[in-house]
Amino acid sequence: MMDLEILVVDDDPISRKIVSRCLNEAKYQVTTACSGEEAVKLMSEKVYDVVITDLVMPGEIDGIGVLEYAKKQSDHIEVILMTAHGTVKTAVEAMKKGAADYFLKPIDLAEVLFRVQKVASFRCLLKNTEDLRMAMETTERVTSETIQDLEFTVAKFCDACCRMKRILDNPEMEKESRIDQAREILNELAKEYLGTSGSHP
């Protein structure tokens with residue numbers, strides 16, 4: 001299971017306690033807030049992975065306000081709404097603003113865990129995808145560098161072969177001199193690529 005920092009926001013202390021205890025028992029790290037204002041204050045101090053918020057709360061900041069603040073803080077924060085039957089339509093509209101999911105009150109703890117685990121699985125998939133993308137980019141970069149090195153090496157060997165051919169085909173030079181100069185070219189290549197001299201005693 002992927003570690004998640006979860007903020008639970010609800011003005012109802014019983015609902016807040018039930019949800020937070022359920023998530024704690026599932027080994028998630030949970031912080032609670034009793035109002036939208038407190039939730040915003042907490043989010044201004046720390047970035048949470050998941051925010052579970054009641055949709056309807058008293059005060060100037062309701063669940064939609066919490067959602068909007070969370071998404072303004074980071075697109076990577078997943079927001080799950082708690083809503084009553086009468087506000088399902090509002091919850092669906094909130095999903096168009098970036099909410100990840102919602103569940104109904106009265107609270108079904110199995111459903112709460114299912115929603116959170118779905119978010120955790122999605123985030124894990126995103127992380128694996130990002131890791132794979134980075135690995136592919138690294139592989140492509142190394143492959144490109146290797147190909148460039150090989151092309152440079154092949155070019156040097158081709159150049160050396162051309163130089164030796166010109167020397168060995170030069171009728172104006174003595175045979176021994178041609179052989180010595182060709183051997184010097186071979187020695188240069190041996191020192192550069194093998195770390196040894198190609199000369200013989």
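Below, the figures for the structure above:
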read-out: Failed condition for Glu192, given (1) in a loop (DSSP other than H, G, I, E, B); (2) modelled with pLDDT under 85; value: (1)
read-out: From the options Lys96, Lys41, Lys71, residue that is assigned by TED's automatic domain parsing to the domain that holds Ser20, surrounded by 17 or more Cβ atoms within 10 Å (Cβ to Cβ) and among the charged types (D, E, K, R); value: Lys71
read-out: Where Phe103 falls short, out of the listed (1) free of Cβ contacts under 8 Å to residues at least 24 places away in the same chain; (2) in contact with a strand residue (DSSP E or B) (Cβ under 8 Å, 6 or more places away or on another chain); (3) part of a loop (DSSP other than H, G, I, E, B); value: (3)
read-out: The lone exception for Met136 - which of (1) more than 19 Å from the chain's Cα centre (by Cα); (2) modelled with pLDDT of 80 or more it fails; value: (1)
read-out: Count of region 59-68 residues which are farther than 15 Å from Thr83 by Cβ and buried (at least 19 other Cβ atoms within 10 Å of the Cβ); value: 1
read-out: Among (1) in a loop (DSSP other than H, G, I, E, B); (2) in contact (Cβ under 8 Å) with a residue 40 or more places away in the chain; (3) within 28 Å of the chain's Cα centre (by Cα), the one test that Asp75 misses; value: (2)
read-out: Of all residues making up region 26-58, the number that are closer than 22 Å to Thr87 by Cα and in contact (Cβ under 8 Å) with a residue 40 or more places away in the chain; value: 8
read-out: First in region 140-169 and of a type in the set (D, E, K, R), second anywhere and part of a helix (DSSP H, G or I), Cβ under 6 Å, 6 or more apart; value: Arg163/Ile185
read-out: Any chance Ala135 is surrounded by fewer than 11 Cβ atoms within 10 Å (Cβ to Cβ) and among the small types (Gly, Ala, Ser); value: yes
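Here's the yes/no breakdown for (1) touching a helix residue (DSSP H, G or I) at 6+ places or on another chain (Cβ under 6 Å); (2) surrounded by 15 or more Cβ atoms within 10 Å (Cβ to Cβ); (3) within 20 Å of Val19 (Cβ to Cβ):
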position	(1), (2), (3)
Ala84	no, no, yes
Lys105	no, yes, yes
Ala110	no, no, yes
Phe114	no, no, yes
Cys124	no, no, no
Phe157	no, no, no
Lys165	no, no, no
Asn170	no, no, no
Ala182	yes, yes, no
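The values are calculated or read from the model by the stated rules, or taken from the named source; none is laboratory data. Predicted model only: the values in this text are computed from it and were never measured. Glycine also receives a Cβ, built like all others from the backbone with ideal geometry; neighbour counts cover every protein chain displayed.
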